[in-house]
Amino acid sequence: MDLKNNFERAIINTVLFIGGLLVSLPFVWMILSSFKNEREVLSIPPTLFPNAPTFEHYINLFTNLNFDVYLVNTLVIVFFSMIGLLLNTMAGYGFGKFQFKGKEIWFAVVLLTMMIPGQVTMIPTYLILNEAGLTNSMAGIILPGLIAAFNIFLIRQFMVTIPDDLIEAARLDGAGEMYIFLKLIIPLAKPILAVQVILTFIGSWNSFLWPLIIANDEKLYTLSVGLALLQDQNVSNYGLQMAGSTFMVVPVLIIFIIFQKHIVEGFNVSGIK
Amino acid sequence: MNRFKSNLTPYFFIMPAVILLGIFSFLPILVSLVISFTDMNLSGLANWSQISFIGFDNFVQLFQDDVFLKSMGNTFIYVIIGVPLAVISSFVIALLLKLVSDWMSTTFRVIYYVPSVTNIVAIAVVWSFLYNQEYGLFNYLLSLVNFDAIPWLEDPFIAKLSLIAMAVWKSNGVSMLIFLAALQSIPNMYYEAADIDGANRWQKLTKITLPSMSFATFFVVVTTLIGWLQFFEEPFVMTEGGPLNGTNSLALFIYQEGFQYSEFGYGAAASFVLFIIIILATLLQFKLRKSEDN
């Protein structure tokens, strides 16, 4: 369906451009407002660019509020989610490259968990963590989200394409199974793992529900839970709210824009189409 | 010895993940099934002997609970308005992106995808500001063209639409990529043949593009539907289900019963109702697709 002439092309470009403007408007407004002082951010008519740009809200986040603690907690969660990704990769490799008894059943069990909505497991998982004494602890926040069945599925799909001969040759050379996995399989799986690392980072950086349910103590709050608390406690301080939001959103934006090519291509690799 | 070791190797690789999935996905389903037939609450949590088996009482009570019924009604409104809007808008974006030059397509693909990777709390905080009745940007822009201020989040019905608008804005990205991949896999010669036959654009869209994309469309509709049935974070952060429970959803109701009122048994029962609705909706989709194929 090619376009017939320049006039049509101009119309479609304009439509896309206006749409793009609408989509990015909330982000632009967020960033600009975060540099306005408390009075200017509420002024009518609003200013587009801050009259006297200020960093006071950002300084506030770290001096009067505990965004430093939230940031450390969020990074801890990001770190453990990468270990979760390693476990997912191991499982994907196990299902993709080994023959063993009951393999189909185990794999079906893994796939079935994808169908279970989070709301159904929310309350019982809390009760299980409570029985294990893990409520209000970092372990309790991390454990429920560690394994993602969908990721195991995607990684397995990739692992299947690795030739058996390659692994057999390494075994004949006397390499151990763990050595093969770390030195041969992981480098081979780089294209799909790169995408998974980025998506896992974004997902864990944004994680909200489990920290919210499990953490009673502000010491365990993540950035997103801290931001929700900030909104409750500073209802009309929009400059501060926008600074907190910007602090959460901008790192992800930067990472996404740098790696967007891999993510978009990852969708084709993963064969959802 | 060696033989024994090699038999255990695959289990070594899969077991950590399988055990964790068992504890945090399968065990919860069983626990949930049991406690939804009990009156388990905070005192039951401290002392198991306080818990008693009450049969279907929770389920009976749910369907007499105004808040639950309202949440269910709201969820249906979210689905009925939100799902078509989300599917159609991401489809149209994909269609437009297919028509423009490569660099335009790449650039705008990134821009339209960005909301899907950003944090929902941050987004809700920003949109609450935009929606603010007095100081928000939206009402200011409306005042420029002499419109009265709209109570974006203060009126129960308008608040639902405001949340839907924000959720559509946020959710377009993934569906758009799936549609785009499907569009790109349609062989160009179909369109060339249609050109020779003198087909117009509308005919090409309805006779070639749409039928070739039926699987992608089906996949997007099913996943979008399941997602919207679980609508949770948007009302949770922006309105806390208010005003007058006007934006409360089933998922939020479950959260409130479980974690604000500590009515674990009652909340678990509500979660099973949601689960059954999701299963029925998905089965219905599969059935519709089957009858379409015939």
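Readers should treat all values here as calculations from the given coordinates under stated rules, not as data from a laboratory. It should be emphasised that the depicted structure is a prediction, and the values quoted were computed from it without experimental measurement. All Cβ positions, glycine included, derive from the backbone under ideal geometry; neighbour counts span all protein chains shown.
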Report summary line: Scanning the range A:174-217 for residues that are exposed (fewer than 15 other Cβ atoms within 10 Å of the Cβ) and acidic (Asp, Glu) gives A:Asp217
**Report entry** Failed condition for A:Gln196, given (1) over 26 Å from B:Glu240 (Cα atoms); (2) more than 10 Å from chain B (Cβ to nearest Cβ); (3) of a type in the set (S, T, N, Q); (4) without any contact (Cβ under 8 Å) to a residue 24 or more places away in the chain
**Finding:** (4)
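Does the range A:1-49 hold any residues that are β-branched (Val, Ile, Thr) and under 30 Å from B:Ile186 (Cα atoms), and which are they?
Let us first name the residues in the range A:1-49 that are β-branched (Val, Ile, Thr), namely A:11-12, A:14-15, A:18, A:23, A:28, A:31, A:41, A:44, A:47.
Once the filter is applied, which keeps residues that are β-branched (Val, Ile, Thr) and under 30 Å from B:Ile186 (Cα atoms), the range A:1-49 yields A:Ile11, A:Ile12, A:Thr14, A:Val15, A:Ile18, A:Val23.
Quick check on this structure: which one of B:Leu8, B:Leu21 is more than 8 Å from chain A (Cβ to nearest Cβ), farther than 19 Å from B:Ala268 by Cβ and assigned to a helix (DSSP H, G or I)? Write out each step before concluding.
Working: B:Leu21 fails: more than 8 Å from chain A (Cβ to nearest Cβ).
Answer to the selection: B:Leu8.
Answer yes or no: is there a residue in the range A:49-70 that is among the small types (Gly, Ala, Ser) and in a loop (DSSP other than H, G, I, E, B). Even if it seems obvious, please write down each step before you answer.
Going residue by residue through the range A:49-70, those that are among the small types (Gly, Ala, Ser) are A:52.
Adding the requirement that they be in a loop (DSSP other than H, G, I, E, B) leaves A:52.
The answer is yes, given that some residue of the range A:49-70 is among the small types (Gly, Ala, Ser) and in a loop (DSSP other than H, G, I, E, B).
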Query raised in the report: For the range A:55-64, what are the residues that are crowded, with 17+ Cβ neighbours inside 10 Å and either within 10 Å of another protein chain (Cβ to nearest Cβ) or among the hydroxyl-bearing types (Ser, Thr, Tyr) (or both)?
Result: A:Tyr58
Report summary line: Of (1) on the phi < 0 side of the Ramachandran plot; (2) without any contact (Cβ under 8 Å) to a residue 40 or more places away in the chain; (3) surrounded by fewer than 19 Cβ atoms within 10 Å (Cβ to Cβ), A:Gln157 satisfies every one except (2)
Query - Only listed residue being touching a residue at least 12 places away in the same chain (Cβ under 8 Å) and polar (S, T, N, Q), chosen from A:Ser43, A:Ser33 - result: A:Ser33
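Residue-wise test of (1) aromatic (Phe, Trp, Tyr); (2) in contact (Cβ under 8 Å) with a residue 60 or more places away in the chain; (3) not in a loop (DSSP other than H, G, I, E, B).
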position	(1), (2), (3)
A:Tyr179	yes, no, yes
A:Ile186	no, yes, yes
A:Lys219	no, yes, yes
A:Asp232	no, no, yes
A:Ala243	no, yes, yes
A:Thr246	no, yes, yes
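Out of the range B:120-161, which residues are part of a helix (DSSP H, G or I), more than 21 Å from A:Ser224 (Cβ to Cβ) and touching a residue at least 12 places away in the same chain (Cβ under 8 Å)? Working first, answer last.
Residues of the range B:120-161 part of a helix (DSSP H, G or I): B:120-131, B:137-144, B:156-161.
Those still in the list that are more than 21 Å from A:Ser224 (Cβ to Cβ) too: B:137-144, B:156-161.
Those that are part of a helix (DSSP H, G or I), more than 21 Å from A:Ser224 (Cβ to Cβ) and touching a residue at least 12 places away in the same chain (Cβ under 8 Å): B:Phe138, B:Asn139, B:Pro156, B:Phe157, B:Ala159, B:Lys160, B:Leu161.
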Report summary line: Subset of the range A:142-176, residues part of a loop (DSSP other than H, G, I, E, B) and over 26 Å from A:Leu212 (Cβ atoms), comes to A:Val160, A:Thr161, A:Ile162, A:Pro163, A:Asp173, A:Gly174, A:Ala175, A:Gly176
Report task. Tell me which residues, restricted to the range B:42-67, are surrounded by 10 or more Cβ atoms within 10 Å (Cβ to Cβ) and within 29 Å of the chain's Cα centre (by Cα). Result -> B:Phe56, B:Asn58, B:Phe59, B:Val60, B:Gln61, B:Leu62, B:Phe63, B:Asp65, B:Val67
Requested in this report: Name the one entry in A:Phe49, A:Phe67, A:Phe35, A:Phe79 that is over 28 Å from the mean Cα position of the chain (by Cα) and more than 10 Å from chain B (Cβ to nearest Cβ).
Outcome: A:Phe49
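Considering B:Ser90, B:Ser105, B:Ser101, which residue is of a type outside the set (D, E, K, R) and within 19 Å of the chain's Cα centre (by Cα)? Walk me through how you get there before you give the answer.
On the way: B:Ser105 fails: within 19 Å of the chain's Cα centre (by Cα); B:Ser101 fails: within 19 Å of the chain's Cα centre (by Cα).
Exactly one of B:Ser90, B:Ser105, B:Ser101 is of a type outside the set (D, E, K, R) and within 19 Å of the chain's Cα centre (by Cα), namely B:Ser90.
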Query raised in the report: Just for the range B:210-220: of the residues that are within 11 Å of chain A (Cβ to nearest Cβ) and in contact (Cβ under 8 Å) with a residue 40 or more places away in the chain, which one is surrounded by the most Cβ atoms within 10 Å (Cβ to Cβ)?
Result: B:Val220
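Give the residue, chosen from B:Ser143, B:Ser116, that is polar (S, T, N, Q) and either touching a helix residue (DSSP H, G or I) at 6+ places or on another chain (Cβ under 7 Å) or over 30 Å from A:Ser33 (Cα atoms) (or both).
On the way: B:Ser143 fails: either touching a helix residue (DSSP H, G or I) at 6+ places or on another chain (Cβ under 7 Å) or over 30 Å from A:Ser33 (Cα atoms) (or both).
On inspection, the qualifying residue turns out to be B:Ser116.
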Query raised in the report: Can you pull out the helices (runs of 4 or more DSSP H) entirely within the range B:223-294 that have at least 1 residues that are more than 9 Å from chain A (Cβ to nearest Cβ) and surrounded by fewer than 21 Cβ atoms within 10 Å (Cβ to Cβ)?
Result: B:264-293
Query raised in the report: Any residue at all in the range B:72-81 that is in contact with a Lys or Arg (Cβ under 9 Å, 6 or more places away or on another chain) and surrounded by fewer than 21 Cβ atoms within 10 Å (Cβ to Cβ)?
Result: yes
Query raised in the report: What are the residues in the range A:119-153 that are touching a residue at least 40 places away in the same chain (Cβ under 8 Å), surrounded by fewer than 21 Cβ atoms within 10 Å (Cβ to Cβ), more than 7 Å from chain B (Cβ to nearest Cβ) and hydrophobic (A, V, I, L, M, F, W, C), if any?
Result: A:Leu134, A:Met138, A:Phe153
Query raised in the report: Can you find a residue in the range B:185-194 that is part of a helix (DSSP H, G or I), under 26 Å from the mean Cα position of the chain (by Cα) and farther than 21 Å from A:Val23 by Cα?
Result: no
Query raised in the report: Taking the range B:109-119 as the region of interest, how many residues are in a helix (DSSP H, G or I) and either without any contact (Cβ under 8 Å) to a residue 12 or more places away in the chain or more than 19 Å from B:Val174 (Cβ to Cβ) (or both)?
Result: 2
Query raised in the report: Could you give every pair whose Cβ atoms fall below 7 Å, whose first residue belongs to the range A:4-16 and is within 7 Å of another protein chain (Cβ to nearest Cβ), and whose second residue is of a type in the set (Phe, Trp, Tyr) and not in a loop (DSSP other than H, G, I, E, B), counting only separations of at least 6 or pairs across chains?
Result: A:Leu16/B:Phe108
Query raised in the report: Quick check: anything in the range B:71-84 touching a residue at least 24 places away in the same chain (Cβ under 8 Å), more than 14 Å from chain A (Cβ to nearest Cβ), part of a helix (DSSP H, G or I) and farther than 30 Å from B:Phe218 by Cα?
Result: no
